[in-house]
Structures are given as structure tokens and as C-alpha cells.
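Heads up: the structure comes next, in C-alpha cells.
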Amino acid sequence: MVVAASACGNHSAKPAEKPNLPPVAAETPIELPNIPSSLKVTKSAPIDGDTPSARSPLLNIMKAENDRAMVELRAKAEPAHYLAYQLVEQRQVRLEAEGGALINDDDDTDRNLDVEVRVGTAELDNTRQLSDDNGLNAPLTRPGVVPFGADPFAISNALWLETDRRYNESAQALGYVRQDLSTLSKRSEVPDFSSDQREVYVEAPATLTFDKKLWIERMKRCSAKALRGHATRGSCGVTFKLTTAWFVNSEGSQIQQSWTSAQLNVSAGVKADDGMNLSRLEQRFGRTPDDLPNDAAIDEVIKTVNTDLDALHAAPLADPYVGPAILEGRAAGVFFHEVFGHRIEGHRQKDDTSGQTFAAQVGHDIAPPWLSVYDDATIQTANAMQLNGFYRFDDEGVRARRVELVTAGKLVGFLLGRNPIEGFPRSNGHGRRSPGLPPVSRQGNLVVEASKSVERTQLEKLLLEEVKKQNRPYGMVFTDISGGFTNTSAFAPQAFKVNPVMAYRIYPDGRRELVRGIDIGGTPLVALQSIRAASREVETFNGVCGAESGWVPVSASAPSLLIEKLEVEKSFIPPDRPPLMDAPSIRQTASSKTQETAQ
Amino acid sequence: MKRVLASVLLGAGLLVGNVGGAHAKRMLAPDVVPSSQAITKDIVDAVQEEMKRAMNNLQIPGAPKPYSISYKITEVEVNDAVASLGYSTSKKSRHFVSLEARVRVGSVNFDNGNFVVPGGDDIDAVSTVTLPLEATPRIARRAAWLATDSAYKEALIQLRAKMESRKAGGVGRADVPAWTEQKKLESDTQIAVPVLETVAELEARAKALSAEFRGAPHIRDSRVAVTSYLERRWYLTTEGTSVTDTRRASGVLITASSQANDGQALAQHFLRYGHTAKDLPSDQELKDEAKKISDLLHNQAKAPLVGRYVGPVLFEGEGAVGFVRQTLAPHLGGTPLPEGLRPQDAKQFGGALTEKVGLRVAANMLTFTDDPTASAAFGKALIGGYKIDDEGTPAQRVTMVKDGKLLTLLTSRTPSQRDAVSNGHARRTADGGAFHGSATNLFISAKGGLSAPALKAKLIASARNEGLGYGLLIKRFDDAAITSAPEFSRHELLNMLQTTDQALPPPALVAYKVYPNGKEELVRGVQLAELPIRTWKDVIAAGNTPFVYNYLAPSESFISLRIGGGTDNGNVPSGGIESAIITPDLLVGEIEVRTSTVGQRPVPAVARPTVPTP
């Protein structure tokens, strides 16, 4: 996952042998009290706040053009069976300061169009994956440029232009699909597309308000404080967005959604003496700028970043390790997002080039019986924290909803867009993308639940018992994971790697030692079956996840987890040296003394 | 105020040339951009202090210290607006500041410069960092510290790789120094330039002009983009040079696309730059140009494909500019190609004249001069001018070819022969990090130029001599930097990438067959064969009226821009090297022409939305 800069998912490959797992049976089961982990959520149903009076004329223009186009496209020799338009207008304000000085002050608004034209039938259309995965039928998607305003001709012309290009491309792609099928001995009977109910929903336009001057000063103060101690880089930035999305499809859906979002980044970095790039990034998210931390809370964030960075700078490199470990709440959330979440995305179960880790595991035990996992994009807050993965309708015009993925240890479902898979013929509202890319099934708000749990302090005691049992010199605790990747391609091992930022050795005497230079690696099935206990407290990770359909906001909530055996590898450390000279002292610059004192 | 400004402008060489009085008055607008708030004397002092510290102390034990460090600080402000069919599609205001550090290790006789590290194209001893938008010496100095450190480490790797390459028989010449020393220059006078047009002003203009296409049912897509930008630069070197320069430009771009009756995609554009919006055509003139584009596309829809042709070709106006730009401009640099550059990349980069100094390379009537000190010519603004080049060397007027004979080339501080020095033309870069000599205000002049009718008569006569029924006239070439964003499918792009011969010039966008009776027939699909530098010897006549054209020379190739989408958002390009070509029409004796049928598409699957009644 997750955080900007991490690669989520890696995809391609051949049919894999279906694993035949025995039921999960812990080698060393731990008795846990029947007290569930605790997560208080607030939710909003997709149709909450429907305000028909706030309907934009854009929806009418899009509907009229969609209807007009489909009359003709349905009658073609290669008929279209589905046409969807999504128009996304986004204002993005970015203010960033480095070391006390403003380095970015951007305020841009773009309006982009995505058109999807499916040619053929729902059973077989242009999107069918070719057997050798050469991409000949892949579309050239792009964020089409559309005029602002609501002039019927200007808007309709832009819709028509992109529809024409995409229709021709889809018709050509269907030719490749048919050619490919003619060479195969067997073909999938699973349809390429699932239709859905007509949705009409209008959300009133959101407004973005903020005091720019105040935020600039705040970021300057913040970054001046962040550039301290060992840091050679200290920056603070905010990104405020106002997004309005209009969706119309040939099923008659007309959806207008509008929301704001706000993000604060505080980061500091330095190169360690051995060449390792050390950095600490703390992010906070909210619906509006007012949801972000105030000055006092920002100071706390800076303190965490600076303290951690200085500690990392002094921390020793760790050696490879296999043994018991605790993934603390946020780290456990990221871990589940990477190790489990990406593999449960429905389209990967259909992709012949994907490892299809869970394709044949429906109804089978894949985790301890006290553990359940679901994804629910209708959750707005969890433990009073705004969740990034909240939305009302996905990017394919389907309602968001709660999807059970693992119930009492058994795999029961997948995340689905409009690309059905065997046994799961309908979308469950997880078709997502960033503008300019085709949507695929993606996570929203992933939630890991435990029906049995212990206090966090008790979890650490259990860890030390495991250390003793396994005769290890120490156990490990991971409190922050920056991201990672998971390979889902059948051409490579079905392995994951996640990158811990804050990793500690916990010795039998309770001593805690920060270490660095390691990654957590492993395979998903083993990792899930190694979970032994969970904490009552649940933490949430908010972030953005990048995969083949672009960057989408997500969250992952999980209790802290005790893993019986976790494998830790040495991470890549570039052989660079730190800066050869000491940082310059501004006191040598006579003309700049005022600046320095001001900091 | 006006007097002060005039003297500053003259000092900067921005009013040299044949600017008329009225034009000069327009340039002396009272509203000038205030001094930079980001780069002040404090910032320059801070960076210079760090430069001194690095020269004294920056060293890995056992490795050579830097013998030269230079910084280029660049501050850019850009306002852009784009509109289609009367409505905005984009409006942006951007402001950013960067510091680029360059470090040389070794000595002037042999150093790390101008060498492509095998497998390490990005190792070039150059490091760029962002600077604050408001003067903050502490951060500027810290930025210089980190950028210099990074550039120095790369310089050491580059030097080692270059030494090993030479041992293994690399192409470098041991008798040619790696670098030329230069006297220091000092001037902290900031150049005053007129303020940028506001985004609101640009948007209003783009919207009004783009509405001209609303009544044209044959136009598929159309956009009008306008831009206004300025670039301030500061050059600091360990030789003691500390100078500043400022460039200011405004531009307008009109693009439209259509489809021929046989399905071939059609596109046209109109592009103009000047120092400010006042140098651009008037609103009415631009509306006329939009109408001309619309009419041209309407006529091209039914125009025939050119067919096979080998014979004389007349390049007129923008067509002559395109001919100069594609076949001559890339070869006028005298900086040696980077050692280690892949042959296919070297061919793209130019350099066909480097071994021909002293020889005849063009028709006797032709003289080529590059004059970056000029700000205008023949009443038109030139944007290719500058006071100081990218290595801190003062700009110089250089005549490269006189009466067809190659006298010299445009040079940077990386020499191609012993005793060569920079003549102030370091502008474009290549892999390996060195600046290369480049033409920016390129003047082509011809003795005995003919009038337009006489030139056409000569075209017809030449064609007749070859037994041809017509001659070919080219008025415009494609420019992927501004006409991309076409309606390609992914399949088409892949096919283009695999099959395009990158040695060919871009397709001609406006071409006519000219018959003996003077009739001009519009044709499509004109693709010229490869035009080697020797084609310039075959120029058999030229016009007597120079055409002035400004553009930004991109660093990417035509095919890269096409594949990558160029200015996909429709903006006027604001990246690339500000350039101008001033040339008469040119008649070449024999060129091979092929018919291009690329871009064949089905007719629209759905009829275009009904054009509203005005």
C-alpha cells in the first residue's frame, strides 16, 4: 500500500494450481477472552443527503448525449452494449514550506472526462482478457479535457469526441478478442460485465473555505520546527481538494457527488552515515481544512517526527529475523491492506496471469476463527477519525456497501466492480479509479475485527511468552509501516514486502530497542495463519493507494496483532555517503542573521 | 522611469534590431515586473558563500576536489489559459524557483564533462533542487550545500567512467581540452521587463477566440491557448562570474482538427510568440487566422493525396521555417557530441557539420547568422535573444556560413578543437550534462532573392525541366509539441512507435501542387524523405522577403512528443528553448516525396452534436 510513494499491487501471469489448504490449526493456540476489539463507527448511506434541487445542468447534457449516442451505437454492426460518462472537476490547493520558507503555492482546477464504451455483449465484450495478455485490446484511456461551465454544445462536443474515439477503439479490440477466442480450446463462461440498477442521486455542491494566509504561516512555522536535529530536510504541506463528480450511464443512472478533503503532511529526512535514506512522514486527513490538527496538535506531530528521526539516526541496522512479532494497529492495517486486501480484489481472481491466491478458498478457513475482515466505504468515521475510503457511489455508478470478506476465519467474499467472477455475478460497489484510467475493484475502508481480544499491554506479554517458547533472543514490534507491495503475478512468487519505518526489538527483560534497515517479507497464506492474538484497541491508517487504476483514497483499521512467526529481511541500503561537509551555518552569512534569529 | 528602463533594456540587448519607433514605444510599457522577491542579493551572497566553502572543503579523501562549480538559479512565472468553443478548459498561474549545481572534477584538459556513463544516463554531475518562493538565505544555502554534494559525487563517477572509456578506446580526442576558461563577469542589474498578462486577461482572450469555431460543423476539436511568462536567471561560477538575465514572452496557439472524406485525420495550428501580448496579432487578426484554419481544414477534407513525387520543392513562410528548423538548426552546434552517446541518439541530436568547417555546405547565395543579441527583426519581436548564455558567457552574434561556406559553428565552453572558445551559445543540453552550442535567433539571408511570383515561376520551370507537370509548394510542417493530443488509439500509438522512421522530417501540414498555369491545388499526405545537410547545397533560389517565426525548441524528438502526448492539455508550450528563425522562402532543386496515409479512421460512429445557431 499505501502512502504516496508506495506501489500497491503488481499484476500479470498464468493459471496457478489451486491451493488446497487444511483448516487453520494454530500450532500453539492461545486462549483469548471473548471480548471483541473495539471500533466505533459512524456511517452514511449512499442516498443520504439526496438533494434533487441541486442538480447541475451538466447531468442533463450528459444524459441527453448518452441517450443520443446509444441510439446510434446500439444499431452498429458492432453494437455497443454500455456507455458511461464520468466528469470530474477538482480544485486542488497545495501549500508547502521547507525549513520555514514557502516553496509551493498552487491552486489549480481541472475538469476531466472518462468515457467507457463496451462493444459486444455483457457476456463477451472488448474487455475480455486475451490469452497471452499482450494488451492488444487494452484501451488508451486518458483524462479528456472538457470545458468548464455548462454550455450544452461545448460539453456535448467533448463527450461526442471521446465517445467516438473510444467506440472505434473498442470495436477494434473486440476483433482481437474474437480472434483470440478462436484459437483457444476452452473459454471462460463468466461474463465480462455486470449490469446494475439505475441510480439517481444528487449531492449538493460542496464548498472549500480556508484562510490561505493563515495556512501559509502555519506551514512555514511547522517546517521551520521540522528542520531540526539531524534532519537535512524538513517540510510541512497541506493539500485541500474540492471535487465534484458527475456520472451518467446507459442504464439511466445520473449521479452527482461533491466533497472536500484535506491532508496535512509533516516530514523530515536525513541520510544516515551508512547511506540509508531515513525519513519520517506523518499525515493527517480530514473532510475539511478545519478537520486538520490545530497548532498545538501540529506541534505534537512535529515532535513525533523529529524524535523518531533522531532516534532512527542513532538506531543500529537490524539483522534478518524470524520469530514472533506485534504489528501495532496502524501497521497492522497497512499489513492487511497489502497482504490480504490486494489479493481479494475480484478482477485478480479472473486474471489468468494473476496468482489467484484466494480464488478457490471461498468457504475455507484462511485465518483464526475469531478474526473477520470486511470493507465498508459507507463508514465516515472510525473512533472519531474521518476515514479516507468513504464514498457514496463508486466510479462505475454502483452504491457503496459493506462487503464481508472473511467471517470467523472463513473466506466469504471479494471486492468487486462490474467485472464479475465465478460465483460473484454482481458488483459490490468497489470499482474505483483516478481520472484517466479504467476502473478495477479496489479497497475502500478495510476493517479487521477480532471477536476475542486482549488489552494491548497483555499482547506484549504474550509476545514475550512466544519469544521464550521459540527460544528467540527478542521479539519485534512494528508501530509504523510506510507502505509496500505485493506480487500477484503468477510468474513470480506470491510474496509481499512491506516497509516498516519504526521497528523495535523487545527483549525478554522488557527492554525496547529501535532498529532500522529491514523489510517484512513473506507469503500471504502463511502470514494470515500465523496470527495468534489481537488487541482490543483498534487503530486506523488513512492514506492513498496506487495500483493499475491509479491513486485512490483508502483506510485500513485493525487491532494490534501478534504474529507467531514473521520474517524480516534486510532492506536495500544505497551505498551513498551522507553529505561530505557539515551543514552550512547561516551565521557565516552576515546579511542573513535576522533570518536565522527569526527561526 | 522610462529613461531608466530604456537604458536597462538597451544594456540587455533587448532593443537591438530593426524595431520601428511605434514598436519600441509599446515595449516601454510603464508596468514593469518588480524585482524578484525570491532571489535577492542575500540569496546570491548565501549561494556564493556555499560555493566558496565547497571549493575549499568538498572532497572525498583520495579523490580529486572540484576545480569548477557553477550555479544557475532560475525563477519562472507563467500564466496560462486555454479555451474551447468559447469556454475555458484550463487556467493556471505557476511560480517556481530552482537551483541547479554543476560540478567539474579533473582539470580543464581532462574532466568529467560531456560524457554519458554507460547504463547511467542520469549521472551527469548536475543536481537541481527547489528554492523557496520568498528570499530565505538559510534555505538557499542549505539547498546549494545538498545540490553541490550530490553533483560532486556524480562528477567523480562520471570522471572515473570517462577515464576507463578512454583507456578502452573511447572516441574522445586527447589533444582537445575538456573545458575552456573564461574571464569573470559581474553584474547584478536585474533586467526590467513588462508585467505578465493576467490569467483573467488571457482567459478572456482565449474564450473569445475559441468561440470562432462554434459555427464550424466540420471541426472535430479546437482550442485556443494563450500564455505569458518570464524567466529570471542568475549565473554564479567559481571563476567569479555573477550575472543575471531575464526573458519574457507571450504566446498564442490556435489548433483545430477535422477528418478528410477518406477518413484521414487532419490537424492545423497557428502559433505566434512575442515579448508581450502587444507583439502578438490583434484579436481581429487572430479571428481571421482561426477562420483560415477552419477553411483550410474544410478544403483539405476533399483534397487528394499528393502521390509520388521527386522534384523541386518550394518552402514558403512557415514551410521555409520548418525546413530550416528540421534540417539545419540542429547541426549548427560546434560542441562535440557527448562521448558514449548511442549512435541513434547522436543522429537525432545533430552535429552533421562538425567536420565541415572551411568547406562549402550550402548554396553560394546563402549566409547563416545567429544573433542572440537581437530582440527584433523586420518589425517583429524575436524571443530567442538573451544577454548571457547558460554557462554565463555573454551572447554574441556569429556568422556560421557566409556565401555557402562554413566559417565556424556555435560553441559552448566544451570545445571541439584546441584553442576554441565559447561564442556564447550554450543553450541546449544532452545526455552527459554538457551545454551545447545552439542557434536561437537564426537568420538565413540570400543574395539575389526573388519576388514571390518569380520564385513560383522558377519552381514551375524547374519542375518542367524535370519533366513534371507541377511543382510542390510547402507552407507548414507539423509540430508535435503543439498538435499532439490527437485521437489516437493505443494500438495506433504502438504501431507508430514501431514503424516511424525518426530520420524523416515531420509531415507537411499545408502543401500545394503548383501547375504551369499558376493554379495551386491543395494536397494531403505529404511526407518528405530524409533531408541530409547536403540538401542545402541544392537550394536553387530564395525569396526576397524574410519570414519571422518564434517557437520553443523542445528537447524531445517529434516521435517522443507524439507518443507522449506533447501539450496534451492544449497549453501553449512554455517549455523548451526560446528560438526564432528568420528566413526567406527557399526553393530546393530535388526532394523525394512520399504519400502518407497514416491516421485513417472510420467516419464518426455518431453524428456530431448539432451546432447551435449563432
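With (1) away from chain A (no Cβ under 14 Å); (2) on the phi < 0 side of the Ramachandran plot; (3) surrounded by fewer than 20 Cβ atoms within 10 Å (Cβ to Cβ) as the list, and residue B:113 as the residue in question, which single condition is left unmet?
(3)
Which residues, taken from the range B:315-359, are hydroxyl-bearing (Ser, Thr, Tyr) and outside any loop (DSSP other than H, G, I, E, B)?
B:327
Considering only residues that are polar (S, T, N, Q) and surrounded by fewer than 16 Cβ atoms within 10 Å (Cβ to Cβ), look in the range B:188-198 and name the one that is farthest from residue B:240 (Cα to Cα).
As a first pass, look at the range B:188-198 and keep what is polar (S, T, N, Q): B:189-190, B:198.
This time we only want the ones that are surrounded by fewer than 16 Cβ atoms within 10 Å (Cβ to Cβ), so: B:189, B:198.
Working: B:189: 16, B:198: 38 Å.
That would be B:198.
Return the only residue of A:241, A:220 being within 25 Å of residue B:145 (Cβ to Cβ) and either assigned to a strand (DSSP E or B) or at pLDDT 95 or above (or both).
Going through A:241, A:220 in turn, just one is within 25 Å of residue B:145 (Cβ to Cβ) and either assigned to a strand (DSSP E or B) or at pLDDT 95 or above (or both): A:220.
Anything in the range A:158-170 that is more than 8 Å from chain B (Cβ to nearest Cβ) and out of contact with any Leu (no Cβ under 8 Å at 6 or more places or on another chain)? List them, or say none.
Of everything in the range A:158-170, those that are more than 8 Å from chain B (Cβ to nearest Cβ) and out of contact with any Leu (no Cβ under 8 Å at 6 or more places or on another chain) turn out to be A:166, A:170.
Out of all the residues in the range B:157-210, which are at pLDDT 90 or above, assigned to a loop (DSSP other than H, G, I, E, B), within 30 Å of residue A:575 (Cβ to Cβ) and not aliphatic (A, V, I, L, M)?
Scanning the range B:157-210 gives a single hit, B:179.
Yes/no per residue for (1) in contact (Cβ under 8 Å) with a residue 12 or more places away in the chain; (2) among the polar types (S, T, N, Q):
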residue: B:32; (1), (2): yes, no
residue: B:36; (1), (2): yes, yes
residue: B:39; (1), (2): yes, no
residue: B:51; (1), (2): yes, no
residue: B:56; (1), (2): no, yes
residue: B:65; (1), (2): yes, no
residue: B:71; (1), (2): yes, no
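Check the range B:47-60 and report whether any residue there is more than 8 Å from chain A (Cβ to nearest Cβ), under 24 Å from residue A:98 (Cβ atoms) and at pLDDT below 95.
no
Any chance the range B:236-252 includes a residue that's more than 22 Å from residue B:441 (Cα to Cα) and in a helix (DSSP H, G or I)?
No, the conditions are met nowhere in the range B:236-252.
On the basis of being away from chain A (no Cβ under 14 Å) and in a helix (DSSP H, G or I), does residue B:545 make the cut?
Against the criterion (away from chain A (no Cβ under 14 Å) and in a helix (DSSP H, G or I)), residue B:545 does not qualify.
Considering only residues that are within 27 Å of the chain's Cα centre (by Cα), away from chain B (no Cβ under 14 Å) and modelled with pLDDT under 95, look in the range A:115-137 and name the one that is farthest from residue A:347 (Cα to Cα).
Here the answer is A:133.
Quick grid of which residues meet (1) in contact (Cβ under 8 Å) with a residue 60 or more places away in the chain; (2) within 14 Å of chain A (Cβ to nearest Cβ); (3) touching a Pro at 6+ places or on another chain (Cβ under 7 Å):
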site	(1), (2), (3)
B:76	yes, yes, no
B:94	no, yes, no
B:104	yes, no, yes
B:162	yes, no, no
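Return the residues of the range B:122-144 that are in contact with a Leu (Cβ under 9 Å, 6 or more places away or on another chain) and of a type in the set (Val, Ile, Thr); say none if nothing qualifies.
Residues satisfying the conditions are B:128, B:129, B:130, B:136, B:139.
Looking only at residues that are part of a strand (DSSP E or B) and more than 10 Å from every other protein chain (Cβ to nearest Cβ) in the range B:117-155, which one is modelled with the lowest pLDDT?
Among those residues, the one meeting the criterion is B:120.
Please determine, by comparing only the residues of the range B:427-454 that are within 17 Å of residue B:580 (Cβ to Cβ), assigned to a strand (DSSP E or B) and touching a His at 6+ places or on another chain (Cβ under 8 Å), which one is modelled with the lowest pLDDT.
Residue satisfying both the conditions and the ranking: B:428.
Does at least one position in the range A:148-168 carry a residue that is closer than 30 Å to residue B:134 by Cβ and surrounded by fewer than 18 Cβ atoms within 10 Å (Cβ to Cβ)?
Narrowing the range A:148-168 to residues closer than 30 Å to residue B:134 by Cβ: none.
No: the range A:148-168 contains no residue that is closer than 30 Å to residue B:134 by Cβ and surrounded by fewer than 18 Cβ atoms within 10 Å (Cβ to Cβ).
Could you list, in sequence order, the residues of the range B:585-603 that are over 30 Å from residue B:538 (Cα atoms) and either more than 10 Å from every other protein chain (Cβ to nearest Cβ) or surrounded by fewer than 17 Cβ atoms within 10 Å (Cβ to Cβ) (or both)? Explain how you work it out, then say what you get.
Step one: of the range B:585-603, the residues over 30 Å from residue B:538 (Cα atoms) are B:599-603.
If the condition is that a residue be over 30 Å from residue B:538 (Cα atoms) and either more than 10 Å from every other protein chain (Cβ to nearest Cβ) or surrounded by fewer than 17 Cβ atoms within 10 Å (Cβ to Cβ) (or both), then B:599, B:600, B:602, B:603 are the ones that fit.
Please indicate, with yes or no, whether at least one residue in the range B:502-523 is over 30 Å from residue A:78 (Cβ atoms), hydroxyl-bearing (Ser, Thr, Tyr) and away from chain A (no Cβ under 14 Å).
Yes, there is a match, as at least one residue in the range B:502-523 is over 30 Å from residue A:78 (Cβ atoms), hydroxyl-bearing (Ser, Thr, Tyr) and away from chain A (no Cβ under 14 Å).
Count, please, the residues in the range A:442-478 that happen to be under 26 Å from residue A:386 (Cβ atoms) and either modelled with pLDDT under 95 or over 28 Å from the mean Cα position of the chain (by Cα) (or both).
Of the residues in the range A:442-478, 1 are under 26 Å from residue A:386 (Cβ atoms) and either modelled with pLDDT under 95 or over 28 Å from the mean Cα position of the chain (by Cα) (or both).
Which residue, of A:103, A:155, is more than 7 Å from chain B (Cβ to nearest Cβ) and either β-branched (Val, Ile, Thr) or assigned to a helix (DSSP H, G or I) (or both)?
Selected residue: A:155, the only one of A:103, A:155 that is more than 7 Å from chain B (Cβ to nearest Cβ) and either β-branched (Val, Ile, Thr) or assigned to a helix (DSSP H, G or I) (or both).
Is there a residue in the range B:570-584 that is touching a residue at least 12 places away in the same chain (Cβ under 8 Å) and within 14 Å of another protein chain (Cβ to nearest Cβ)?
Scanning the range B:570-584, I find at least one residue that is touching a residue at least 12 places away in the same chain (Cβ under 8 Å) and within 14 Å of another protein chain (Cβ to nearest Cβ), so the answer is yes.
Among the candidates A:262, A:268, A:297, which residue alone is part of a helix (DSSP H, G or I) and of a type in the set (Gly, Ala, Ser)?
A:297
Quick test for you: out of A:534, A:490, pick the one residue that is crowded, with 17+ Cβ neighbours inside 10 Å and either modelled with pLDDT of 90 or more or in contact with a Pro (Cβ under 6 Å, 6 or more places away or on another chain) (or both).
On the way: A:490 fails: either modelled with pLDDT of 90 or more or in contact with a Pro (Cβ under 6 Å, 6 or more places away or on another chain) (or both).
Every option except A:534 fails the conditions.
Is at least one residue of the range A:254-264 modelled with pLDDT of 95 or more and over 24 Å from the mean Cα position of the chain (by Cα)? Before the answer, list the steps.
Narrowing the range A:254-264 to residues modelled with pLDDT of 95 or more: A:254-264.
Narrowing further to those that are over 24 Å from the mean Cα position of the chain (by Cα): A:254.
Looking for residues that are modelled with pLDDT of 95 or more and over 24 Å from the mean Cα position of the chain (by Cα), one finds at least one in the range A:254-264, hence yes.
How many of the residues in the range A:48-81 are away from chain B (no Cβ under 14 Å) and touching a helix residue (DSSP H, G or I) at 6+ places or on another chain (Cβ under 8 Å)?
Counting residues in the range A:48-81 that are away from chain B (no Cβ under 14 Å) and touching a helix residue (DSSP H, G or I) at 6+ places or on another chain (Cβ under 8 Å) gives 0.
Could we say that residue A:122 is among the hydrophobic types (A, V, I, L, M, F, W, C), surrounded by 21 or more Cβ atoms within 10 Å (Cβ to Cβ) and farther than 30 Å from residue A:57 by Cβ here?
no
In the list B:201, B:239, B:212, which residue meets the criterion of being surrounded by fewer than 20 Cβ atoms within 10 Å (Cβ to Cβ) and under 22 Å from residue B:278 (Cβ atoms)?
Details: B:239 fails: under 22 Å from residue B:278 (Cβ atoms); B:212 fails: surrounded by fewer than 20 Cβ atoms within 10 Å (Cβ to Cβ).
Sole residue among the options that is surrounded by fewer than 20 Cβ atoms within 10 Å (Cβ to Cβ) and under 22 Å from residue B:278 (Cβ atoms): B:201.
Any idea how many residues of the range B:455-498 are touching a residue at least 24 places away in the same chain (Cβ under 8 Å), outside any helix (DSSP H, G or I) and either at negative phi or basic (Lys, Arg) (or both)?
Number of matching residues: 16.
State the number of residues belonging to the range B:460-501 that are within 14 Å of chain A (Cβ to nearest Cβ), surrounded by 15 or more Cβ atoms within 10 Å (Cβ to Cβ) and not hydrophobic (A, V, I, L, M, F, W, C).
First, pick out the residues of the range B:460-501 that are within 14 Å of chain A (Cβ to nearest Cβ): B:484-498.
Those still in the list that are surrounded by 15 or more Cβ atoms within 10 Å (Cβ to Cβ) too: B:484-494, B:496.
Checking which are not hydrophobic (A, V, I, L, M, F, W, C) leaves us with B:484, B:486-487, B:489-492.
Counting residues in the range B:460-501 that are within 14 Å of chain A (Cβ to nearest Cβ), surrounded by 15 or more Cβ atoms within 10 Å (Cβ to Cβ) and not hydrophobic (A, V, I, L, M, F, W, C) gives 7.
The values are calculated or read from the model by the stated rules, or taken from the named source; none is laboratory data. This is a predicted model, so every value here is computed, not measured. Neighbour counts run over all protein chains shown; Cβ positions are idealised from the backbone, glycine included.
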